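The block underneath contains the structure these notes are about, expressed in structure tokens.
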């Protein structure tokens, strides 16, 4: 009988992809206390100004990180997928400077910050893996800043689609991949700093040039590699090594 994966498998696999963890390290991670909750589309995982006592680990689905300007304009500053740590483990808890909202139905595990810091002190390689993950996430933030500042709308959308595709699986795979219909043109606009009208125009251009196909609200990427060339996409920011040996529940 197949043993189901441990609920924290996305976190264990992510950290194990950053640093080669021992069986003892993985067992300690699987022993962390946690509470799992389901978050519906549009609901908040982290509220702006919230002082969380637990790290929120995204187990499934997609969320985005955003903040509002004084004029009430939303700016999305990042997309999160399976295995991402949505807030840093720091004590005392700091007020969140932005909000994290579910794009799709998601599952999130809350792990007490004290437990994360405790395992970091007793398992040095877990601490190294956490620092490596933080460094990777900071690199992704810089990639988003560069994307907004140095690319036109075609490049911005292409870069965002490449990130989403890579989160789904290896970008070298050429089979067609469907972007979630939950990523509306409003979300795409707020994530790329252009208007919804410009998003619609740019999607039409990408489709005419053969980078994507569309069927109503569905956007399909047929050739990830060609899209990555358009976006000048550096996959190393998002890549982790596979960790097939993460523990199972039982």
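Considering only 99, 208, 109, the Gaussian network model of the chain with Cα springs below 10 Å gives its largest mean-square fluctuation to 208. Normalising the average separation of contacting C-alpha pairs (under 8 angstrom, six or more residues apart) by the number of residues puts the relative contact order of the chain at 25 percent. Treating only the Cα positions of the chain as identical point scatterers, give the base-10 log of I(q)/I(0) from the Debye formula at each q in 0.08, 0.09, 0.16, 0.18 Å⁻¹. Each listed q corresponds, in turn, to -0.32, -0.41, -1.23, -1.47. Just checking the listed ones, 80, 64, 123: in the Gaussian network model of the chain with Cα springs under 10 Å, the one fluctuating most is 123. Among 146, 60, 115, the residue with the largest mean-square fluctuation in a Gaussian network model of the chain, with springs joining Cα atoms closer than 10 Å, is 146. Between residue 74 and residue 207, the simple spin-label model (points 7 angstrom out along Cα→Cβ) gives 2.3 nm.
Report the Cα centroid-to-centroid distance between segment 76-91 and segment 21-66 in angstrom, as an integer. With segment 76-91 and segment 21-66 each reduced to a Cα centre, they are spaced 8 Å. For residue 36 and residue 215, the FRET efficiency from 1/(1 + (r/R0)^6), where r spans their Cβ atoms and R0 equals 30 Å, is about 0.30.
Label positions at residue 51 and residue 67, each projected 7 Å from the Cα along the C-beta direction, are separated by 1.9 nm. Against the main long axis of the alpha-carbon atoms of the chain, helix 153-168 sits at an angle near 40°.
Read-outs throughout are calculated quantities, based only on the coordinates presented, and are distinct from any laboratory measurement. Bear in mind the structure is a predicted one, so any value in this text is a computation, not a measurement. Note that we place each Cβ from the backbone using ideal geometry, even for glycine, and neighbour counts take in every protein chain shown.
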